[in-house]
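Below is one structure, written out as structure tokens; the observations come after it.
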Amino acid sequence: MHARSTTIQGDPGAVPTGIAFVRDETMPILRQMDGCVGLSMLADPESGRCIVTTSWQDADAVRSSRDVVRPTLERTAEALGGPAEVQEWAIAAMHRVHEAHHGACARVTWLRTAPDEVGKAVDAVRLSLMPKLDDLPGFCSLSVMVRPDDGTAVAAVAYDTWEDLRAAAEGAREFRDEFAPAMGIEVLDTGDFDLALAHLGVPETN
């Protein structure tokens, strides 16, 4: 499966109305499009940074929808009061213990490795990181999306509560300072978000 992410550096004061706009306006429109599977939204009320991600059946569905979705994504950015950056991804891994509920949150990490090492890095996450996450209190899910052409990846780990996310800080540090460098992975950025909408609809990967 594939995905399109729209990152909006919005106005913090517009985040609540922006979430409502995505839920009531953006999501129904996009989910009617051919090949669209679902939508999720991450929001940081303090900074105004929001990420709307749509999942698609395949790369062809993503490509064929580019022009069709543009007006809807532009209106979404306007509702949140900031510029938008759109990126397209392949969904490399999805591991879900249970569905996220109201109050869930996520820690997102942007990564880069050599383009020909992307598959190896994803396998390492599956084999080494996933089993550790399963043992963490409040762990909901892990998703990994990649752009093999330039070696960029993004991993999102969702938790039931902010307390659970903060309790996992040591594991996040180990990943950033020990696991990633050992695998030749550069950590580009991290961010913590409210999981405002959780309807991505991506099935578990093997």
* Asked: Does the range 6-25 contain at least one residue that is crowded, with 19+ Cβ neighbours inside 10 Å, over 25 Å from residue 149 (Cβ atoms) and under 16 Å from the mean Cα position of the chain (by Cα)?
  -> yes
* Lone qualifier among 44, 58, 34 - being under 25 Å from residue 105 (Cα atoms) and either touching a strand residue (DSSP E or B) at 6+ places or on another chain (Cβ under 9 Å) or of a type in the set (D, E, K, R) (or both) -> 44
* Asked: Considering the range 95-115 alone, what residues qualify as being at pLDDT below 95, among the aliphatic types (A, V, I, L, M) and closer than 19 Å to residue 158 by Cα?
  -> 97, 100, 111
* Could you list, in sequence order, the residues of the range 150-206 that are aromatic (Phe, Trp, Tyr), surrounded by 16 or more Cβ atoms within 10 Å (Cβ to Cβ) and modelled with pLDDT of 95 or more? -> 159, 193
* Asked: Listed residues 57, 32; which is at pLDDT 95 or above, more than 19 Å from residue 196 (Cα to Cα) and of a type in the set (S, T, N, Q)?
  -> 57
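The values are calculated or read from the model by the stated rules, or taken from the named source; none is laboratory data. Just so you know, these numbers come straight off a predicted model, no measurement behind them. Cβ: placed from backbone, ideal geometry, glycine included. Neighbour counts: every protein chain shown.
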